[in-house]
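A short write-up of the structure that comes next.
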Amino acid sequence: MRYYILSAFVILALQTMNAQFVANYEESKVPEFDLPDPLTTFSKKQILTSSSWNELRRPELINFFESQVFGKVPGTFDGIAFEVVEESNSALGGLAKRRQIKATITKNSKTLSFLILLYLPKEVSRAPVFLGYNFHGNHTVINDPAIIISKAWSLNNESIGITNHTLTEESRGLRSGRWAISRMIEAGFGLATIYYGEIDPDKNDFTDGLHSLFYTEGQKRPAKEEWGGIGAWAWALSRAMDYVANDKEVDKSRVIVFGHSRLGKAALWAGAMDERFAGVISNDSGCGGAALSKRKFGETVAQINENFPYWFSGNFKKYNNAEEELPVDQHELLALIAPRPLYVASAKEDQWADPKGEFLSAYYATAVYSLFGEAGISSNKMPGVNSPIQNTVAYHIRTGKHDVTEYDWEQYIKWAVEQFD
C-alpha cells in the first residue's frame, strides 16, 4: 500500500541528541513510501484467514523482528527462583496487599536478581494486573517506606535526587504521578513493577547486566544478531510473568504489560513474543516502538542507533538512513499482538516520538485484528486531542509532553475494565 502526505505542520523544537542529525518535524518533508502489507507474506502470498496469519505470516514477522531489530536471545536460561522478601496485608491505608519478590535467574553458573513490587486489591480474590518497568527504582512509584531501594546502577536525574548513579531515599515516591496505583486498586486491578536497571543498566556497557549471563567464553558483547537492551528488558518481563502467572491471587489470564518510552518498546516486543500477556499498552514509545519508521519523522532509525547503540541488535544498524529498505514496519510489530487488546497512546507535544506515526501504525495493524473479528481503528484520520478511540485496538493523543499522566491511566483503566471484565 502507498501512503501519501495529506497535511503539513511545523514543530520548531529541535530534539536531536547528536549534532550530525537533524530531526524532521514537517509533514511536508515526510517522504513518500511503500508501507508493507501485513497480510502479504515475504513471498507475496495473501493472508486471508486468522489461521493462515498464525501459520504463515506471524512466524516470519517474528523471525525478522527477532533477527534484524531486537535481536535473538542466545539460548535458554537454566532456571529461575522466586522468594517473597517482604509482604503486608495492610498497604495503602489498608486497601491493598503488598509483596516484594526477589527473582533470581541462573545461567552458566551465574545469577542475576531483581525485585518485583506487587500491589493487589484486598477485596479481589484473583485480580487482573498491570505489569511494567519503572525508570528510577520501585521506591519512586509511591511514597511507601517499606519499599526496598535498589542498589543497581541508575541514570542520574537530579530533578528527583539521583546523583552518582545511585538510588537513595531522597527520590522515594517522586514518580508516583506516573502510576495512579490507588486508582488501579479502586478499579480492582493490581500493579507489578520492576526497576529496569536491575535487568540491564541503561548504558553502552554489556558487562554488568543480563547479557553477561549468556556469554560464551571470551565474549564481551552480544553478537550482531543477538539481543540488545530492549530485547533483554522484554525477555525479563516474561520472567516476571512466570511469577505472577503462578500467584494464586493474580488472574493470569488478565495480565496487561505496560511501558512508557523505551520501556514501551520493550512492552510491545514482550507482548509480541509472549502470548501469555492478555494485553499490551504502549505509551509514547516512538521509534522502534509504535511509530512507523518509514515516515522519518522525529527520531529516526539512524538517530536511535547512534544515540543508543546498545538498545537494538547490531543488525538493525544496516537500516540507518535506509528505512526504505526495511521489508517490515512497526504496524506489523503491533499486529503480532493480535487478537489480544492493544492500546497505543501519544502526547501532542511529543513530536520526537511522532504521534501521527504511532496512530497510523495502530490503524494499519487493524487489518490483522479484523481477521479475528476484533475492532480497531477504522479511519486513517487522527482523532482529536483527548478524544480516545477505545476498541480492541485503542488509541489516544492527549495534551502535554512525553510522560505518563493521570489522564493516560484513566483511559487505560477504563479500557482494561471493558476489555477484560
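Throughout, read-outs are computed from the coordinates displayed, never taken from laboratory work. No experiment lies behind these values; they were computed from the predicted model shown. Glycine also receives a Cβ, built like all others from the backbone with ideal geometry; neighbour counts cover every protein chain displayed.
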### Task
Using only C-alpha positions, report the orientation-averaged shadow area of the convex hull of region 104-224, nm², one decimal.
9.4
### Query
What's the long-distance tail for the chain, i.e. % of Cα pairs beyond 36 Å?
21
### Task
Provide, as a two-decimal number, the C-alpha radius of gyration of region 321-371 over 2.2 N^0.38 Å, N being how many residues it has.
1.22
### Query
Three principal axis extents, largest first, for the C-alpha atoms of region 297-421, in Å?
43, 35, 26
### Query
Which values of log₁₀ I(q)/I(0), to two decimal places, follow from the Debye formula for region 184-343 at q = 0.15 Å⁻¹ with a uniform point scatterer at every Cα?
-0.84
### Cα-based equivalent ellipsoid of region 257-350: semi-axis lengths in Å, sorted from largest, via gyration tensor
22, 14, 12
### Task
Just tell me which aspartates and glutamates come within less than 13 Å, Cα to Cα, of LYS44; anything on the same chain fewer than 8 places away is out.
GLU60
## Note on the structure
Counting only DSSP loop positions in region 265-306, the GluC sites (Glu not before Pro) whose Cβ has at most 11 other Cβ atoms within 10 Å are GLU275
## Note on the structure
From the cross-link list LYS72/LYS97; LYS151/LYS348; LYS203/LYS318; LYS102/LYS220; LYS97/LYS348; LYS203/LYS294, the entries with a Cα-Cα span beyond 31 Å are LYS72/LYS97; LYS151/LYS348; LYS97/LYS348
### Query
Say we join alpha carbon atoms closer than 10 Å with springs in a Gaussian network model of the chain; which of LEU292, LEU360, LEU342 then has the biggest fluctuation?
LEU360
### Message
Using each residue's phi in region 70-79, evaluate 6.51 cos²θ - 1.76 cosθ + 1.60 at θ = phi - 60° and report the 3J(HN,Hα) Karplus result to the nearest Hz, with x for Gly and Pro.
### Response
8, x, 7, 6, x, x, 10, 7, 7, x
### Summary
Placing each pseudo-label 7 Å from Cα in the direction of the beta carbon, GLU27 and ALA375 end up separated by a distance in nanometres of 2.6
### Query
So what are the ³J(HN,Hα) numbers for region 365-374, from phi and the Karplus equation (6.51, -1.76, 1.60; θ = phi - 60°), rounded to whole Hz, Gly and Pro as x?
6, 4, 4, 6, 4, 5, 4, 9, x, 9
### Two-site FRET efficiency, ASN321 against ALA245, from Cβ-Cβ distance with R₀ of 30 Å, rounded to 0.05
0.10
#### Entry: Positive minus negative residues near SER293 (Lys, Arg vs Asp, Glu; Cβ under 14 Å)
-2
### Task
Can you tell me the order of 154-167, 74-87 when each peptide is scored by its average per-residue count of other Cβ atoms within 10 angstrom, highest first?
154-167, 74-87
### Query
Applying the Karplus parametrisation 6.51 cos²θ - 1.76 cosθ + 1.60 with θ = phi - 60° to the phi angles of region 221-227, what ³J(HN,Hα) value in whole Hz is obtained for each residue in order, glycine and proline being reported as x?
9, x, 5, 4, 8, 8, 5
